[in-house]
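To start, the structure under review is shown below, and the notes come after it.
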Amino acid sequence: MIIHKQVTQCDMTGGEYPGGVDGIAYLSQGASGRWCEVLWGGPEEKARIQKDGAEILTDDEARNRIAESGNGWPDF
């Protein structure tokens, strides 16, 4: 899953954004069932994946999907 997030860096480009910018966070589920942020993407990455048609969720939408799945819990 991918969520909207204010980020201070982009793991894909190595860019840094003092003060934070509108970006994304990639979520992944670990073996314990916990969902957490594993990568941050800056505005360039957000634009790239939106162009490719990726769905970017709000925190609440992601939490609801996790709850509805009955498989794991959010930790972000």
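The values are calculated or read from the model by the stated rules, or taken from the named source; none is laboratory data. Because the structure is predicted, anything quoted here is derived from the model rather than measured. Here the Cβ is made from the backbone with ideal geometry for all residues, glycine too, and neighbour counts use every protein chain on show.
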| So how many residues does the stretch 31-40 have that are closer than 13 Å to K5 by Cα and not in a strand (DSSP E or B)? | 0
| Which of the residues spanning the stretch 41-59 are farther than 25 Å from D75 by Cβ, in a loop (DSSP other than H, G, I, E, B) and acidic (D, E)? | D52
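For (1) surrounded by 11 or more Cβ atoms within 10 Å (Cβ to Cβ); (2) without any contact (Cβ under 8 Å) to a residue 40 or more places away in the chain, each residue gets a yes or a no:
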position: G33; (1), (2): yes, no
position: C36; (1), (2): yes, no
position: W40; (1), (2): yes, yes
position: P43; (1), (2): yes, yes
position: R48; (1), (2): yes, yes
position: D52; (1), (2): no, yes
position: R63; (1), (2): yes, yes
position: E68; (1), (2): no, yes
position: F76; (1), (2): yes, no
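Quick check on this structure: which one of A25, A62 is of a type outside the set (D, E, K, R), at pLDDT 95 or above, in contact with a Lys or Arg (Cβ under 6 Å, 6 or more places away or on another chain) and on the phi < 0 side of the Ramachandran plot?
Only one candidate qualifies: A25.
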